[in-house]
Amino acid sequence: MKHIIKAFKIICFIIFVWFVMHSAYIISDGLSDTGAKADVAVILGNKVNKNGTLSERLEKRLETGVQLYQNQRIKKIIVSGGLGKEGFYEGSKMKDYLITKNIPSYVIIVDNKGDNTRLTVENTLEIQKKYPFKSIIVVSQYFHVTRTKKLFKNRGFENVNSVSPGYFEWRDLYSILREFPAYYTQ
């Protein structure tokens, strides 16, 4: 019995160290911006409020996309999200926001079927058949971009960079915890 308890403690310690190292990596990767240019930015959706306004988190992602466009780091923007429980298509609301920030509508490609990260990646690769882009900058929260880039690379799309907004909130702690199993199961 003593050996079982000791083995259990060792396994728990190894998982804890693995989690800490993984989290440090995704935070570091998510906060880094190499300054790369790309053909498109893929901005992942998030909550649209019941009154149709964007959550602050989503607004910050879109502001990041606006900066990328204004700094001539991207040529097109794909906005991807699904139909939220609030009754709004995230992609359409994201496009509306970008237009108010003087992003020309012809630059914006809307994906309203990106209900989750995996679907956003799949839909983006379908969009690539119509708009043959060769490089992507993923825009999402810092804890989320590493998994998103991994999903693109798993599908054979190698030229993927990321930028995240300088926006932090308490729920990030939960999100970092969630990203650990999500990274290995998708």
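The values are calculated or read from the model by the stated rules, or taken from the named source; none is laboratory data. What you see is a predicted model; the values in this text were computed from it and never measured. When we count neighbours, we look across all protein chains shown, and the Cβ atoms used for this are built from the backbone with ideal geometry, even at glycine. The area values use the complete protein model at the heavy-atom level, side chains included, leaving out ligands, DNA and RNA. Shrake-Rupley method; radii C 1.70, N 1.55, O 1.52, S 1.80 Å.
For ILE74, what is the net charge nearby, where nearby means another residue's Cβ is under 11 Å from its Cβ and Lys, Arg count +1, Asp, Glu -1? Summing Lys/Arg as +1 and Asp/Glu as -1 gives +3. Over all orientations, the stretch 1-107 has a Cα convex hull whose mean projected area works out to 10.0 square nanometres. Seen against the Cα atoms of the chain and their longest principal axis, helix 171-185 is set at about 80 degrees. Solvent-accessible area assigned to carbon and sulfur over the chain amounts to 58 percent, based on a 1.4 Å probe. Please report the net charge: other residues with Cβ closer than 10 Å to the Cβ of VAL139, K and R +1, D and E -1. So the surrounding residues net to +1. Seen against the Cα atoms of the chain and their longest principal axis, helix 117-130 is set at about 40 degrees.
Assuming a ≥ b ≥ c are the square roots of the Cα gyration tensor eigenvalues, decide whether the stretch 63-147 counts as rounded (a/c under 1.5), prolate (otherwise, with a/b larger than b/c) or oblate.
The shape class here is rounded.
Compute the signed sum of charges (Lys and Arg +1, Asp and Glu -1) over the other residues within less than 12 Å, Cβ to Cβ, of ILE26.
Summing Lys and Arg as +1 and Asp and Glu as -1 gives +1.
Based on the Stokes-Einstein relation at 25 °C and a viscosity of 0.890 mPa s, and on the Kirkwood radius from alpha carbon pairs, the chain is assigned a translational diffusion coefficient of 142 µm²/s.
Dipole size of the stretch 53-163 about its Cα centre, with +1 on Lys/Arg Cβ and -1 on Asp/Glu Cβ: approximately 400 debye, rounded to the nearest 20. Between the helical axis of 2-31 and the longest alpha-carbon principal axis of the chain there is an angle of about 20 degrees.
Just how large is the dipole of the stretch 41-93 about the Cα centre, in debye to the nearest 20, putting +1 at every Lys and Arg Cβ and -1 at every Asp and Glu Cβ? Don't jump to the answer; show the numbers that get you there.
On the way: 10 positive and 5 negative charges, 25 e Å.
Approximately 120 debye in magnitude.
Computed from the C-alpha gyration tensor, the three semi-axes of the ellipsoid equivalent to the stretch 90-186 are 23, 19, 12 Å, from longest to shortest.
Charges only on Cβ, +1 for Lys and Arg, -1 for Asp and Glu: so what's the dipole of the chain about the Cα centre, in debye to the nearest 20?
Values: 28 positive and 17 negative charges, 84 e Å.
Roughly 400 debye for the chain.
Accessible surface computed residue by residue for the stretch 53-160, with neighbouring protein chains in place and a 1.4 Å probe, gives 47 Å² per residue.
Note on HIS144: accessible area is roughly 20 Å² with a 1.4 Å probe, heavy atoms of protein only. Taking each residue as 0.36 nm, the span from LYS101 to ASP29 lengthens on full extension beyond its C-alpha to C-alpha distance by 23.1 nm.
Relative contact order of the chain, taken over Cα pairs closer than 8 Å and 6 or more residues apart, is 26 percent. Spatial offset of the stretch 143-186 relative to the stretch 22-52 amounts to 8 Å, using the alpha carbon center of each.
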